[in-house]
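The values are calculated or read from the model by the stated rules, or taken from the named source; none is laboratory data. Since the structure is predicted, the reported quantities are computational estimates derived from the model, not experimental observations. Ideal geometry is used to build each Cβ from the backbone, glycine not excepted, and the neighbour counts take in all protein chains shown. Calculation scope for accessible area: heavy atoms of the full protein, side chains included, ligands and nucleic acids excluded. Shrake-Rupley method; radii C 1.70, N 1.55, O 1.52, S 1.80 Å.
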Amino acid sequence: IAGITQAPTSQILAAGRRMTLRCTQDMRHNAMYWYRQDLGLGLRLIHYSNTAGTTGKGEVPDGYSVSRANTDDFPLTLASAVPSQTSVYFCASSVGKGQQYNEQFFGPGTRLTVL
Amino acid sequence: QKEVEQDPGPLSVPEGAIVSLNCTYSNSAFQYFMWYRQYSRKGPELLMYTYSSGNKEDGRFTAQVDKSSKYISLFIRDSQPSDSATYLCAMSALSFGRGGGGNKLTFGTGTQLKVEL
């Protein structure tokens with residue numbers, strides 16, 4: 001069972017370039033999330049998706065876009081990367097049913113450096 | 001003021017020590033309280049979660065929630081070098097959608113723990 005896979009593992013990117021971070025889960029979870037993790041700031045939610053075909057903005061959505069064409073995939077796109085987007089990016093998923101809490105499972109992360 | 005405050009450490013203890021990790025929060029709507037463990041260059045993994053106030057024990061780990069004080073704790077007994085990691089507290093209110101869906105988690109900044117031989 002792979003769980004959540006993310007690609008690439010790491011990337012160095014020139015400012016102004018477009019970049020898509022990939023996330024795939026094989027647990028048939030309804031909800032998926034993108035977080036960024038920065039020293040001193042912790043994990044912050046960028047975008048989320050409750051189910052395929054729907055997305056929503058999190059705490060820090062500016063400069064990022066997402067799509068959810070199917071259950072398994074949730075790519076995150078930086079249209080024109082800036083140095084402040086240098087971070088470690090984590091994708092997560094949860095069952096996403098009902099009003100109760102569902103555990104969020106995290107992927108291994110993508111380390112992105114924007115120069 | 002951040003919604004969730006967590007002492008970043010680093011915290012260094014000898015093997016076998018009892019470790020106490022803490023978070024405070026300001027949002028009284030939080031109902032679910034979690035502790036995640038994150039090893040270096042890995043994704044966070046759920047260690048324990050509790051609903052509302054009270055204690056929960058799992059092996060060497062005990063989670064406590066005091067909603068009246070808006071304070072949560074994680075205790076690690078007989079700490080081991082393998083416990084060396086960053087511990088993140090996280091909290092959640094209701095799910096995003098009325099019909100269900102994902103949960104919005106608010107994380108602390110994490111406490112780095114090192115257990116030395």
Seminar exercise, completed: Phi angles of the stretch B:10-20, converted by Karplus (6.51 cos²θ - 1.76 cosθ + 1.60, θ = phi - 60°) into ³J(HN,Hα) in whole Hz with x for Gly and Pro, give x, 10, 10, 9, x, 3, x, 6, 8, 10, 10
Exercise. At 20 °C and 1.002 mPa s, what whole-number value in µm²/s does Stokes-Einstein give for the translational diffusion of the protein assembly as shown, with Rh from the Kirkwood sum over Cα pairs?
Worked result: 118
Seminar exercise, completed: Per-residue average of other protein chain Cβ atoms inside 10 Å, peptide A:29-38 -> 3
Problem set entry | FRET E, pair B:S82, B:S52, Förster distance 30 Å, beta-carbon r, rounded to 0.05 | 0.45
Problem set entry | Amide hydrogen neighbours beyond the local backbone of A:E59, cut-off 5 Å, H modeled | A:L45, A:I46
For this session: Stick to Cα atoms and the Kirkwood definition of Rh, then tell me Rg/Rh for chain B.
Result: 0.98
Exercise. Roughly how big is chain B's charge dipole about its Cα centre, with Cβ charges of +1 (Lys, Arg) and -1 (Asp, Glu), in debye to the nearest 20?
Worked result: 420
For this session: Please tell me the relative contact order of chain A in percent, rounded to the nearest whole number, where contacts are Cα pairs under 8 Å and at least six residues apart.
Result: 35
Exercise. Which loop-located chymotrypsin sites (Phe, Trp or Tyr not before Pro) does the stretch B:2-52 contain, where loop means any DSSP state but H, G, I, E or B and the Cβ has at most 16 other Cβ atoms within 10 Å?
Worked result: B:Y39
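About the Cα centre of chain A, what is the dipole size in debye to 20, counting +1 per Lys and Arg Cβ and -1 per Asp and Glu Cβ, all else neutral?
For this selection, approximately 180 debye.
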Exercise. Past the 30 Å Cα-Cα mark, which pairs from A:K57/B:K2; A:K57/A:K97; A:K97/B:K114?
Worked result: A:K97/B:K114
Exercise. With the Cα gyration tensor of the stretch A:4-114 giving a ≥ b ≥ c as the square roots of its eigenvalues, does the rule (a/c under 1.5 for rounded; else a/b larger than b/c for prolate; else oblate) give rounded, prolate or oblate?
Worked result: prolate
Exercise. To the nearest 10 Å², what's A:R28's accessible area with a 1.4 Å probe?
Worked result: 150
Problem set entry | GluC sites (Glu not before Pro) restricted to DSSP loop in the stretch B:11-112 with at most 15 other C-beta within 10 Å | B:E15
